[in-house]
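Visitor: Quick one: this structure, given as structure tokens, is what I'll be asking you about.
Laboratory data are not the source of any read-out in this text; all were calculated from the coordinates shown. None of these values were measured; they are calculated from a predicted model. For neighbour counting, all protein chains shown are included, and Cβ atoms are generated from backbone atoms with ideal geometry for every residue, glycine included.
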Amino acid sequence: MSKIMISVGEASGDLHGASVAHALKTIQPDIKLFGMGGQGMRAAGVDIVYDIAELGVIGFVEIIKNLPKLFRLRDSLAELMDTQRPDALVIIDYHGFNIRLAKIAKKKGIPVISYICPKVWAWGRGRAKEVAETVEKVAAIFPFEVDVYSEAGANVTFVGHPLLDIVKNTMSKAEAYEYFGANPKHPLVLLLPGSRQQEIINLLPVMLESAVKIKEKVPNCQFFLPVASTISREMLQNIISKYKITVILTENYTYDLMNIADMAVAASGTVTLEAAILNLPTVVIYKLAALTYLFGKMIIKIPYISLPNIIAGRKIVPELVQYAVSGDNIAKEAVEILTEPNVRSKMLNDLAEMRDKLGPTGAVERVAREILAVAQNPAGGQK
């Protein structure tokens with residue numbers, strides 16, 4: 001029986017961790033899985049020793065403020081490695097924290113697999129070298145990552161993008177409209193402010209301002225907001241209550257909700273790619289603390305911030321960044337998508353082309369088999 005430790009730091013990582021856990025248990029039903037994650041991983045049979053709902057840290061300045069808590073958490077997980085002695089550690093995204101945990105695992109003789117690895121094509125290639133020197137295997141989800149990590153000396157395999165396996169509707173559109181109580185004759189807009197408390201605080205108010213303005217131009221518009229597992233419903237309701245707009249909160253079947261939506265306003269992150277896979281036109285917004293934003297501008301090496309645009313290599317969905325994030329600007333982009341057929345049609349065609357670049361389905365099973373190969377024969381994963 002293999003014993004695998006998994007470490008994720010946010011809701012998107014929990015999604016991927018859960019899908020990998022399902023695949024691992026399908027291949028090896030008696031496998032033992034434990035680590036840091038959220039509700040998705042717990043439901044998939046992972047023994048969660050630290051719930052990521054208590055995290056939610058984003059940005060350079062915010063991480064500095066929370067360093068003592070993160071250091072204590074890292075030390076606690078390091079002790080867990082000693083008591084549990086996993087056959088492998090799987091780190092999923094959340095690079096700043098997870099790469100330090102991986103270095104500890106390596107010193108303890110525990111092989112590490114990096115999945116949803118650092119976006120070195122955005123942040124510079126120095127991180128690729130650090131990963132290559134620390135982990136046994138890199139499971140790359142974008143084809144253009146392979147060359148970067150190979151050049152850095154990593155043992156890398158392109159597995160394809162897991163969201164192609166994960167992001168699927170389970171209901172017909174008619175069933176979804178009925179389930180959510182939505183009117184199929186009226187436009188449906190999703191508000192997707194993120195999965196971390198700081199994102200909610202920064203972005204939800206301006207999204208609600210834009211919703212009020214969208215409603216003025218498109219009076220029969222409906223607004224829905226899926227609640228991330230890391231965010232309390234009460235927190236969202238308290239913010240929404242300050243605005244003269246009705247927003248329906250939902251907690252399940254988010255992909256079915258996306259499948260019937262006409263457009264979304266979304267925080268930059270994994271959700272923008274989920275929306276793209278479901279052919280949902282999206283206005284992407286991104287806003288950080290001023291110092292964090294200035295720091296990021298100095299080191300980020302690419303012209304776009306949203307995954308659909310990065311993968312497409314051109315602007316296919318509108319992006320509003322930092323000082324451009326306002327209720328007026330969001331509403332302007334949203335109303336165009338809702339009322340101008342040519343704008344909507346071009347975006348749908350561009351999203352379809354982008355999806356073709358993500359590779360074949362089956363990524364999650366391929367990752368699970370890579371993990372088991374390293375766990376069962378660590379030497380086989382060495383470079």
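Visitor: Apply the Karplus parameterisation 6.51 cos²θ - 1.76 cosθ + 1.60, with θ equal to phi minus 60°, to every residue of the range 69-74 and state each ³J(HN,Hα) to the nearest whole Hz, in sequence, with x for glycine and proline.
Guide: Values per residue, Gly and Pro as x: 5, 5, 5, 5, 5, 4 Hz.
Visitor: If you place +1 on the Cβ of every Lys and Arg and -1 on the Cβ of every Asp and Glu, how big does the dipole about the Cα centre of the chain come out, in debye to the nearest 20?
Guide: Using only the charged Cβ atoms, the result is roughly 700 debye.
Visitor: Let me ask you something else. Rounded to whole Hz and in sequence order, give me ³J(HN,Hα) for the range 272-282 from the Karplus expression 6.51 cos²θ - 1.76 cosθ + 1.60, θ = phi - 60°, writing x for Gly and Pro.
Guide: 5, 6, 4, 4, 5, 5, 8, 6, 9, x, 9
Visitor: Something else: Give me the percent relative contact order of the chain, please, defined on Cα pairs under 8 angstrom at least 6 residues apart.
Guide: That works out to 19 percent.
Visitor: Quick one: angle between helix 197-217 and the longest Cα principal axis of the chain, in degrees between 0 and 90, rounded to 10, please.
Guide: It is inclined by approximately 20 degrees.
Visitor: Go ahead and set up a Gaussian network model of the chain, Cα springs under 10 Å, then flag whichever of 272, 250, 134 fluctuates most.
Guide: Looking only at 272, 250, 134, the biggest GNM fluctuation is shown by 250.
Visitor: Right, something else. Calculated FRET efficiency, residue 108 and residue 357, Cβ-Cβ r, R0 35 Å, to nearest 0.05?
Guide: The formula returns an efficiency of 0.35 here.
Visitor: Hey, of (1) 40, 24, 20; (2) 35, 21, 21; (3) 74, 26, 14, which did the structure itself give for semi-axes √(5λ) of the Cα gyration tensor in Å when calculated?
Guide: (2)
Visitor: Pick from 197, 237, 39: which residue has the top mean-square fluctuation in a GNM of the chain where Cα pairs under 10 Å get a spring?
Guide: Residue with maximal mean-square fluctuation among 197, 237, 39: 237.
Visitor: A further question follows. With unit charges on the beta carbons (Lys and Arg positive, Asp and Glu negative) and the dipole taken about the Cα centre of the chain, which residue among 92, 240, 228 sits farthest to the positive side?
Guide: Result: 92.
Visitor: Next question, about the same structure. About its Cα centre, how strong a charge dipole does the range 173-356 have in debye, to the nearest 20, once Lys and Arg get +1 and Asp and Glu get -1 at the Cβ?
Guide: 440
Visitor: Going down the table (103/287; 168/215; 25/168; 3/103; 32/108), which pairs top 24 Å between alpha carbons?
Guide: 103/287; 168/215
Visitor: Sorted from fewest to most neighbouring beta carbons within 10 Å, what does the list 30, 256, 51 look like? Mind dumping the intermediate values first?
Guide: Working: 30 7, 256 22, 51 16.
In increasing order of surrounding Cβ atoms, one gets 30, 51, 256.
Visitor: Figure the gain on full extension for residue 198 and residue 3 (residue separation times 0.36 nm, minus the Cα-Cα span) and round it to one decimal in nm.
Guide: Fully extending the segment from residue 198 to residue 3 adds 66.8 nm.
Visitor: Rounded to the nearest 0.05, what FRET efficiency do residue 30 and residue 249 have when you use their Cβ-Cβ distance and R0 = 51 Å?
Guide: My answer for the efficiency is 0.85.
Visitor: Which value at 222 nm does the chain reach when only helices count, each DSSP H run of 4 or more adding -39,500 (n - 2.57), with the total divided by all residues and rounded to the nearest 500 deg cm²/dmol?
Guide: Working: 19 runs with 196 residues, N = 383.
So the calculated ellipticity at 222 nm is -15000 deg cm²/dmol.
Visitor: What distance in nm separates the simple spin-label points at residue 147 and residue 183, each placed 7 Å from Cα in the Cβ direction?
Guide: 5.2
Visitor: Compute the length gained on full extension between residue 323 and residue 49: take 0.36 nm times their separation in residues and subtract their Cα-Cα distance, giving the result in nm to one decimal.
Guide: Extending this stretch completely gives an extra 94.7 nm.
Visitor: While we're here: Considering only DSSP beta bridges with both partners in the chain, what is the antiparallel share in %, to the nearest 5?
Guide: About 0 percent, rounded to the nearest 5.
Visitor: Using a 10 Å cut-off around each Cβ, can you sort 76, 326, 19 from fewest to most neighbouring Cβ atoms?
Guide: 76, 326, 19
Visitor: Highest first, please rank the peptides 364-373, 169-178 by the mean number of other Cβ atoms sitting within 10 Å of their residues. Intermediate values should be presented prior to the final figure.
Guide: Values: 364-373: 21.9, 169-178: 14.4.
Most protected by this proxy first, the peptides run 364-373, 169-178.
Visitor: Using the Cα centre of the chain as origin and beta-carbon charges of +1 (Lys, Arg) and -1 (Asp, Glu), tell me which of 76, 270, 170 is placed farthest towards the positive end of the dipole.
Guide: Of the listed residues, the answer is 76.
Visitor: Scaled to the compact-protein estimate 2.2 N^0.38 Å, what is the alpha-carbon radius of gyration of the range 173-356, rounded to two decimal places? Walk me through the intermediate numbers first.
Guide: Details: Rg = 15.6 Å, N = 184, 2.2 N^0.38 = 16.0 Å.
After normalising by residue count via 2.2 N^0.38 Å, the value is 0.98.
Visitor: Let me ask you something else. Please list, in order along the range 335-352, the HN-Hα scalar couplings obtained from phi with the Karplus expression 6.51 cos²θ - 1.76 cosθ + 1.60 (θ = phi - 60°), rounded to whole Hz, x for Gly and Pro.
Guide: For the range 335-352, the Karplus curve yields 5, 4, 5, 6, 10, 10, x, 5, 5, 5, 4, 5, 5, 5, 5, 5, 5, 5 Hz.
Visitor: Dipole of the range 316-360, Cα-centred, from +1 at each Lys and Arg C-beta and -1 at each Asp and Glu C-beta, to the nearest 20 debye?
Guide: Once rounded to the nearest 20, the dipole reads 120 debye.
Visitor: Something else: Report the label-to-label distance for residue 85 and residue 348 in nanometres (one decimal), using points 7 Å from each Cα along the Cα→Cβ vector.
Guide: Computed distance between label sites residue 85 and residue 348 equals 5.9 nm.
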